[in-house]
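Trainee: Right, I'll just put the structure down here and ask away after.
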Amino acid sequence: MPTVPIHLSSVSRRQFLVQSTAALAGVSVLRIATAAEQAETTTLALVSDTHIPQTTDTVARGVNMTDNLNSVVREINALETKPAAVLFNGDCAYLKGLPEDYANFSDCVQPLIDAGQQLHMTMGNHDNIPNFYHALKAQRPEKPLVTSKHVTVLETPQANLFLLDSLMHTNIVTGELGEAQLKWLAEALDARADKPAIVMAHHTLHMGPIQEGKTIGGIADTAEFLEVLHARPQVKAYVFGHSHVWAHTKAGDLDLINLPAAAYVFDEAQPNGWTLARLSDSGIEFELQAHDKSHKNHKQVFAVNW
Ligand SMILES: [Zn+2]
């Protein structure tokens, strides 16, 4: 069955359909309800590392990033089952989070908005929150869940999704969640212990010791972050981008899903594209939608069961 998103304060489905996505502006906790209360799955479109530049003809590593995002948007809009939401997992902007990058990004995603699609973004190391909010006004929360951070909770019938902000400084590779966000996360998870939780942020984890003078490419406070996640058995997976790699690994009991980049790859063997996620009562599946339909990993599924 198709799913439709509705506001937590529970406008009716009919109301939602006439109000359009603009009505969701400023809301950071959203409940995704299903058109049929008993729908068995919730689908989500996951798009990471779009790296949208200020001009539509900019090419990097042999890829036109604007063309790539446009093709993702067309594919999502052509899906038979409309996803309940489209989640962009950071590095929406090319490198410096320029206002012009987000103006182009906003143009690219407009067909999704026109189709009534609910959009959410996390912030990557190439993003800039004020410039992002300026171009995508509906994304600015009235009351941020964590001060100065762009954070969202999505409650679906099968699981809760926690969209975190690992941006430390624009165009600095290192990520950071910070004490305030981790404290909020622990409380937000504890308040929703009754359902499986999927945690998503842009950055990779940084395993192992932190070496003096060496740049950290992942989350600087990974140890503190993992402590919060491992202490709560409802947390089933951490979903991230940043490395432009499609992969499924583990950190103890926790499944780690690395989303592919929609933009360019750093390793030619890697696929680029986006991911279709299907949530059910027994787990979540991630299916690769490679740009290159002849790539050997196109339609590969990573499953996390519970
Ligand atoms: Zn990236």
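Trainee: So what is the relative contact order for the chain, in percent, with contacts set as C-alpha pairs under 8 Å and at least six apart?
Mentor: Relative contact order comes out at 18 percent.
Trainee: Return the calculated 222 nm mean residue ellipticity for the chain, to the nearest 500 deg cm²/dmol, obtained by summing -39500 (n - 2.57) across DSSP H runs with n ≥ 4 and dividing by the residue count.
Mentor: Helix contribution divided over all residues of the chain: -6500 deg cm²/dmol.
Trainee: Give the cross-link partners of LYS82 among the lysines, using a straight C-alpha distance below 20 Å as the criterion and excluding same-chain residues fewer than 8 apart.
Mentor: The qualifying lysines are LYS299.
Trainee: For region 3-305, state what percent of all Cα-Cα pairs lands in each successive 10 Å bin, counting from 0 Å until the bin that includes the largest distance.
Mentor: Reading upward from the zero bin: 6, 30, 39, 22, 3, 0.
Trainee: Here is a further query. Distance check, please: which entries in LYS183/LYS250; LYS96/LYS149; LYS195/LYS236; LYS96/LYS293 exceed 22 angstrom between their Cα atoms?
Mentor: Cα-Cα > 22 Å for LYS183/LYS250; LYS96/LYS293; rest within.
Trainee: Which shape class applies to region 131-215: rounded if a/c is under 1.5, otherwise prolate when a/b exceeds b/c and oblate if not, where a ≥ b ≥ c are the square roots of the Cα gyration tensor eigenvalues?
Mentor: Oblate, since a/c reaches 1.5 and b/c is not below a/b.
Trainee: With just the Cα atoms of region 250-305, tell me how far they stretch along each of the three principal axes, in Å, largest first.
Mentor: Principal extents (largest minus smallest coordinate, Cα): 33, 22, 17 Å.
Trainee: What residue among GLY283, LEU256, GLY217 has its Cα farthest toward the positive end of the dipole of region 198-301, where the charges are +1 on Lys, Arg and -1 on Asp, Glu, each on the Cβ?
Mentor: The residue sitting most towards the positive pole is GLY283.
Any read-out appearing in this document is the output of simple, stated calculations on the displayed coordinates, not a laboratory observation. Just so you know, these numbers come straight off a predicted model, no measurement behind them. Using ideal geometry, Cβ is built from the backbone for each residue, glycine included, and neighbour counts are taken over all protein chains shown.
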